[in-house]
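Here the structure is laid out as structure tokens; the discussion comes afterwards.
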Amino acid sequence: GATGVLGDECAIAELENGTVVLNARNYVNQSQLTVHRSIAWSDDGGRTFGPVYFAPTLPDPVVEGSMVSGRYTDPALGVGRPLFFTNPASFVARTNITLKMSVDGAATWTTVHLVQSGCGMYSSVVQFLDGSLGVQWDDAHGGPLAHAAVDNETFVRLVLSKR
């Protein structure tokens, strides 16, 4: 389809109703201290996307993030099939790898778990058949703004439960 100003290093997921959600890093037309992820939706299988929405609950230090549809989430949790998203949740530094969840198709996001409060970037999230989530990220020992070679990959498995 046609391209526009949305961002790059995108993550996509399909909602239960077939809508495709695109979540991208974006620093276009945003001030340095208020950079948010951009979200767009497609009702035609991803051929075209509607207007871009800057997600106020997804701060982003201009780095890749990861999103997955929660197809195997335990119905007892009462959240349906949510979307899960990971990234360094900071406006200015690659720190605070955070797992967030959306139960309304990516319109709003809530924090589920602070995975790591120190340096971290380039995360991935996966949901396993048992409903648990795996989160992987690059742990930059060079500091929160390090763009050099990464020497430590970290992985955790998280089990969701009602509080």
- Query: Using θ = phi - 60° and the Karplus curve 6.51 cos²θ - 1.76 cosθ + 1.60, what whole-Hz ³J(HN,Hα) does each residue of segment 14-19 get, with Gly and Pro shown as x?
  - Reply: 9, 7, 4, 8, x, 5
- Message: Could you compute how fast segment 8-158 diffuses translationally, taking Rh as the Kirkwood radius over C-alpha pairs and applying Stokes-Einstein at 25 °C with viscosity 0.890 mPa s? Give it in µm² per second.
- Response: 158
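Rule-based calculations on the coordinates, nothing more; no lab input. Not measured: the values here are computed from a predicted model.
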